[in-house]
Amino acid sequence: MPRKRRMENRKDYYFKLAKKEGYKSRASYKLKQINKKYNIFKGVSRVVDLCCSPGSWSQVIIEEIPDVTLVSIDLVNMSLTNPHITFIKGDITSESVFEKVYEILNGKADLIVSDCSPKVSGIWSTDHARQIFLAEYSFKYALRLLVKGGSLVMKVFQGDLLDELINLIKPCFEFFKIEKPPASRKSSAEIYFVAKGFKNCNVDI
């Protein structure tokens, strides 16, 4: 991490709060704030956490949902361990990874969460397209696993491809909002889709 970025982190309120309260990163507070506002954990017992490492969102999920069955996936190892978590090291775009998730959950999930980001190149059009690609795969997990009434929370980068993705996802849910939680840096282009009440949805993606 560049020295300038390290210095910014040290001065960041949520970075310091995560260290103080024992969370993996400041990202934990994004999910906590989304849940506080939209109550996404209500009635949930089966969750998939896409691009989970270092475990910030998984950590919140096991705190907030007693007896949760949580499947967490990432290319990078996650240091968080818990009897309620099954960690899969792999690519979320791989069919074999999806099949493992399907088997663990018997094909049903109440909530899909995705905090996916690509390796940033510094070329915004490229980074935006790569992130939207990951967001589309997160939506594929929702299409294939969510029970009726289930929820999807996922990060997206703002840019030219955003409206097309909104138009794809929004009709599949009873409730759809775009959220920028306080724990997200103001300078960041990230926003979050909060979608609840999954409907029968035939989407070719």
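Projecting the Cα positions of 17, 29, 150 onto the charge dipole of region 3-198 (unit charges on Cβ atoms of Lys, Arg, Asp and Glu, taken about the Cα centre) puts 17 furthest along the positive direction.
Remark: for residue pairs 30/140; 19/186; 19/140; 119/148; 37/199, the C-alpha separation exceeds 29 Å in 19/140; 119/148. Scaled against 2.2 N^0.38 Å for its residue count N, the alpha carbon radius of gyration of region 3-198 is 0.97. Segment residue 203..residue 189, full-extension length gain: 2.3 nm, with 0.36 nm per residue of separation and the alpha-carbon distance subtracted. Among the cysteines of the chain, 52 have no other cysteine beta carbon within less than 4.7 Å of their own. A crude spin-label estimate for the pair residue 77 and residue 16, with each label 7 Å from Cα along the Cβ direction, gives 3.3 nm.
Charged neighbours of residue 75, selected by a Cβ distance under 11 Å, balance to 0 (K, R count +1; D, E count -1). Here the spin labels are modelled as points 7 Å beyond Cα on the Cα-Cβ line, and at residue 95 and residue 168 they lie 1.9 nm apart. For a modelled paramagnetic label at residue 129, 7 Å from Cα along Cα-to-Cβ, the residues of region 144-179 in reach, with backbone nitrogen under 18 Å, are 157-165.
Label separation (residue 45 vs residue 177): 2.7 nm, computed from points 7 Å beyond Cα along the C-beta direction. Between the listed residues 106, 173, 183, the Cα displaced farthest toward the positive end of the dipole of region 103-193, a dipole computed from Cβ unit charges relative to the Cα centre, is found at 183. Across region 21-89, Cα-Cα pairs more than 18 Å apart make up 31 percent of the total.
The magnitude of the dipole of the chain, with charges of +1 and -1 set on the Cβ of Lys/Arg and Asp/Glu and taken from the Cα centre, is near 1080 debye.
Values quoted throughout were computed directly from the atomic coordinates according to the rules given, and no laboratory measurement underlies them. Quantities reported herein were computed from a predicted structural model and do not represent experimental measurements. No Cβ is skipped: glycine too gets one built from the backbone with ideal geometry, and neighbour counts run over all protein chains shown.
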